[in-house]
Each structure stands twice: as structure tokens, then as C-alpha cells.
Amino acid sequence: MNIVFFNHKGGVSKTTTTFHLGWMLAERGSRVLVVDADPQCNLTSLIMQDGFDEYYTEDATKHLNIKDGVSSAFDGKPTPIEQIDCYNVPRNPNLFLLPGHPNLTELEPTLSFAQSAPGAFSTMQNLPGAFYALISKTKDYLNIDYVLIDLNPGLSAINQNLFSISDIFIIPTNPDPFSLMAISTLSKVLPRWFRAANEWKNTFQNSTYPFPDKNPKLGGVIIQRYNIRKGKPATPFRNTMNEILNEVRNGLVPALTSAGMTYPLAIYQQAEMGDNYSLGEIPDFQSLQQQSQLHGVPVYALEENEMGFGGVVLDQMVEKKNQFFARFTELALKIEYLKLNG
């Protein structure tokens with residue numbers, strides 16, 4: 001199953017969610033590939049830590065990334081796209097990373113032209129299916145169960161392409177007015193992308209790298225980075241969270257359903273998402289966030305000696321860690337249900 005995390009609004013923890021959910025699915029026994037499709041390479045740097053710079057300068061690894069993986073198609077070379085020998089994430093043998101590249105946006109103009117004017121040049125026929133070919137070959141090579149794709153914020157051609165080759169899409173949000181506006185925009189953009197992808201299936205079906213026959217479905221919305229008061233989201237956050245879920249239920253979902261981009265309501269209900277399509281609510285990591293980034297593991301995978309505190313503070317952090325473990329376990333269970341029943 002290919003899962004893409006997308007919201008054209010920045011700062012909604014797409015990278016953090018990709019990493020935490022991917023790690024949890026892998027910890028539960030699935031083989032997981034996380035794909036860094038953001039030129040900022042935050043997911044790659046988070047996972048590789050001090051080895052990040054070296055990875056892009058060493059001859060053995062500097063070409064093992066998403067950009068170089070599709071370069072033969074974009075450069076018009078006769079060599080075929082091949083699988084990537086991906087980075088195996090330390091402390092989680094079931095988790096693999098297809099690293100990003102800071103120059104990925106160099107491919108943007110060519111891909112945009114190929115997707116918007118498909119009959120213009122025959123040499124561009126292979127470009128729309130190139131990313132899918134790379135990911136599929138790598139997935140088969142590593143015997144992957146889940147592919148989680150982290151996109152950058154924006155409505156770019158690469159984002160549109162990677163969104164369109166997914167099986168489900170997850171929309172991370174924050175409880176703020178800009179996330180509410182973003183949901184409204186996605187109600188218009190995503191059905192348009194879906195219609196374009198349906199055209200590409202036919203236009204590029206005879207290419208060396210055919211565009212896949214995919215039908216991305218809403219996997220749910222995640223609201224995160226809010227503060228807790230007396231065990232519940234603080235009132236200002238809760239009010240905005242309710243507004244976002246109402247916009248999802250009354251605006252986004254009807255638009256997606258009309259386009260054929262949702263499961264039957266019963267599937268969401270059986271996955272315990274109810275009628276608000278919420279995969280989960282994740283409060284702010286607070287002091288655990290810094291330690292998570294320092295050690296390159298999710299907040300719920302931190303060891304006590306990695307938390308940087310002792311005594312009562314340590315006890316409180318361990319309690320929060322366990323709470324996050326429970327929340328991401330619930331998230332993983334819902335995704336596993338969608339994979340089996342969606």
C-alpha cells in the first residue's frame with residue numbers, strides 16, 4: 001500500500017507523522033519504506049543524523065536517492081530505472097528510507113510540461129510514470145508492505161504525481177485558521193488532480209514506464225500540535241479542531257466522494273474514525289520533541305537515558321512517551337484495517 005501525506009500548508013508535521021507512523025507500522029511487523037520527496041530533506045536528515053552530509057558525498061551512496069533514481073528517464077538515457085538499495089533505519093530493521101535530494105525541484109519544469117502537454121514530445125512519455133517505476137521496483141526488491149511518502153508543502157507537479165500514484169492519502173493539519181483554509185482549497189484541488197490522473201492512465205499506458213491505474217482514497221485527517229489542559233485540548237484549540245472536522249465532513253468529504261475518492265462511510269466507522277474522518281489527534285510533543293530529533297527515533301521509542309532528565313521530570317516524560325505510544329498504535333491499527341478492508 002502506498003500512503004502519501006499531503007497538505008499544501010506548511011508546518012503541519014507531515015515529516016514527523018510520516019516518521020512516527022512508519023516506525024510504528026514497522027515495529028508491529030510490517031516492512032515499511034519511507035520516501036523523502038521534500039527537497040528540504042528533513043526526513044532524511046532526521047533519520048541519518050550525523051551521517052547525512054557524508055551520505056551525499058560518498059561515492060557508494062551519493063546516487064542512492066529519489067532524484068538520481070529517476071534521472072535516467074529525465075535525462076533521456078537508455079539505461080532503465082532500477083531499484084534503490086535503501087538506507088536501513090537504525091534500531092528498526094523493518095524500516096527503510098528512500099532518501100530525498102535538495103535538487104529534486106530541478107525535475108519540476110520538465111515533469112510539469114510532460115503532464116500538462118502529454119502529446120508535445122514523445123521523449124517525455126516516460127516521465128509521468130518514472131517515480132512510480134522507481135518506488136515499485138524498490139518496494140518489490142525490499143519486499144515492502146507499506147510505502148509512506150512525505151511531500152513538501154505546495155501544489156507542484158511532483159506532488160501531484162506522487163499523490164496520484166498513492167492508494168490512500170492522509171491530510172495532517174494543525175488547529176489554526178490556515179489549516180481550515182487549506183482544507184477548503186483541497187476540496188477543489190484534489191478532485192482536479194484525480195481527473196488528470198485518470199487521463200494519464202490512458203495517455204501514458206504504452207510508455208516504458210506506464211502511469212499506474214491508481215485510485216487514491218482519503219485515509220483520514222490528523223490534527224496535531226495542540227496543548228492539553230486537564231487531559232483535553234485547551235479550549236481555543238478544541239474550537240478550531242471542531243471547525244476543521246466540520247469542514248472535512250461537510251466540505252472536503254462530499255467533494256471527494258463525488259470524485260470517487262473516499263471509501264464507503266461504513267469502512268471509516270469500522271476503522272473507528274466515525275463520521276468525522278479523523279485518524280487521530282496528536283498533542284504537542286513538547287520536551288520530547290527535541291530529544292526525538294537529537295536521537296533520530298520517535299518520541300515513543302526514546303530510552304530513559306535519552307530523555308535528558310531524571311527524577312520527577314523523567315517520570316512525567318515516560319508517562320507522556322507511553323501516551324504517544326498508545327496514540328500511534330491506534331493510528332497504525334486504523335491504517336492496517338484500511339489495508340485489509342478498504
Positions within the stretch 213-230 being in a loop (DSSP other than H, G, I, E, B) and under 20 Å from ILE170 (Cα atoms), in sequence order: ASP213, LYS214, ASN215, PRO216, ARG225, TYR226
Flagged in the stretch 8-57 as on the phi > 0 side of the Ramachandran plot and touching a Lys or Arg at 6+ places or on another chain (Cβ under 8 Å), in numbering order, are SER13
Considering residues that are in a helix (DSSP H, G or I) and either touching a residue at least 40 places away in the same chain (Cβ under 8 Å) or charged (D, E, K, R) (or both), the number found within the stretch 255-274 is 6
If you scan the stretch 129-178, which residues turn out to be touching a Pro at 6+ places or on another chain (Cβ under 7 Å), of a type in the set (S, T, N, Q) and within 23 Å of GLU82 (Cβ to Cβ)? ASN161, SER164, SER166
Tell me, please, whether a residue that is buried (at least 23 other Cβ atoms within 10 Å of the Cβ), closer than 19 Å to ALA196 by Cβ and at pLDDT 95 or above can be found in the stretch 137-152. yes
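Residues are listed down the side, and each one gets a yes or a no for (1) surrounded by fewer than 18 Cβ atoms within 10 Å (Cβ to Cβ); (2) among the small types (Gly, Ala, Ser):
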site: ILE165; (1), (2): no, no
site: PHE178; (1), (2): yes, no
site: THR208; (1), (2): yes, no
site: ALA271; (1), (2): no, yes
Looking only at the stretch 116-169, which residues are more than 17 Å from PRO216 (Cβ to Cβ), part of a helix (DSSP H, G or I) and not hydroxyl-bearing (Ser, Thr, Tyr)? MET124, ALA130, ALA133, LEU134, LYS137, ASP140, LEU142
Only one of ASN174, ASN227 is surrounded by fewer than 21 Cβ atoms within 10 Å (Cβ to Cβ) and either more than 14 Å from the chain's Cα centre (by Cα) or under 30 Å from ALA26 (Cα atoms) (or both). Can you tell me which? ASN227
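I'd like to verify a number: residues in the stretch 170-183 that are among the hydroxyl-bearing types (Ser, Thr, Tyr) and part of a strand (DSSP E or B), how many?
1
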Could you check the stretch 229-259 and list, in sequence order, the residues that are in contact with a helix residue (DSSP H, G or I) (Cβ under 9 Å, 6 or more places away or on another chain) and either charged (D, E, K, R) or more than 17 Å from TYR277 (Cβ to Cβ) (or both)? ARG229, LYS232, PRO233, GLU243, GLU247
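Let me confirm something: among ILE47, ILE66, which residue is surrounded by 13 or more Cβ atoms within 10 Å (Cβ to Cβ), under 26 Å from GLY129 (Cβ atoms) and in contact with a strand residue (DSSP E or B) (Cβ under 8 Å, 6 or more places away or on another chain)? Walk me through it before giving the result.
Details: ILE47 fails: under 26 Å from GLY129 (Cβ atoms).
Just one listed residue meets the conditions, ILE66.
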ILE3 vs. criteria more than 24 Å from ALA332 (Cα to Cα) and crowded, with 24+ Cβ neighbours inside 10 Å: no
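Go through the stretch 22-54 and report how many residues are assigned to a loop (DSSP other than H, G, I, E, B) and either free of Cβ contacts under 8 Å to residues at least 60 places away in the same chain or of a type in the set (Lys, Arg) (or both).
Counting residues in the stretch 22-54 that are assigned to a loop (DSSP other than H, G, I, E, B) and either free of Cβ contacts under 8 Å to residues at least 60 places away in the same chain or of a type in the set (Lys, Arg) (or both) gives 2.
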For the stretch 73-92, give me each residue that is surrounded by fewer than 17 Cβ atoms within 10 Å (Cβ to Cβ) and over 13 Å from ILE135 (Cα atoms). ASP75, GLY76, LYS77, PRO78, THR79, PRO80, ASN88, PRO90, ARG91
Looking at this structure, is VAL312 of a type in the set (Val, Ile, Thr), surrounded by fewer than 14 Cβ atoms within 10 Å (Cβ to Cβ) and either touching a Lys or Arg at 6+ places or on another chain (Cβ under 6 Å) or more than 24 Å from GLY220 (Cα to Cα) (or both)? yes
Is at least one residue of the stretch 184-206 at pLDDT 95 or above, in contact with a Lys or Arg (Cβ under 9 Å, 6 or more places away or on another chain), assigned to a helix (DSSP H, G or I) and surrounded by 16 or more Cβ atoms within 10 Å (Cβ to Cβ)? yes
How many of the residues in the stretch 61-79 are assigned to a loop (DSSP other than H, G, I, E, B) and modelled with pLDDT of 95 or more? 5
Confirm whether PRO109 is at negative phi and exposed (fewer than 14 other Cβ atoms within 10 Å of the Cβ). yes
Might you check whether a residue that is among the hydroxyl-bearing types (Ser, Thr, Tyr), part of a helix (DSSP H, G or I) and touching a Pro at 6+ places or on another chain (Cβ under 7 Å) occurs anywhere in the stretch 297-304? no
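The values are calculated or read from the model by the stated rules, or taken from the named source; none is laboratory data. It should be emphasised that the depicted structure is a prediction, and the values quoted were computed from it without experimental measurement. Cβ coordinates were reconstructed from backbone atoms using ideal geometry, including for glycine residues, and neighbour counts include every protein chain displayed.
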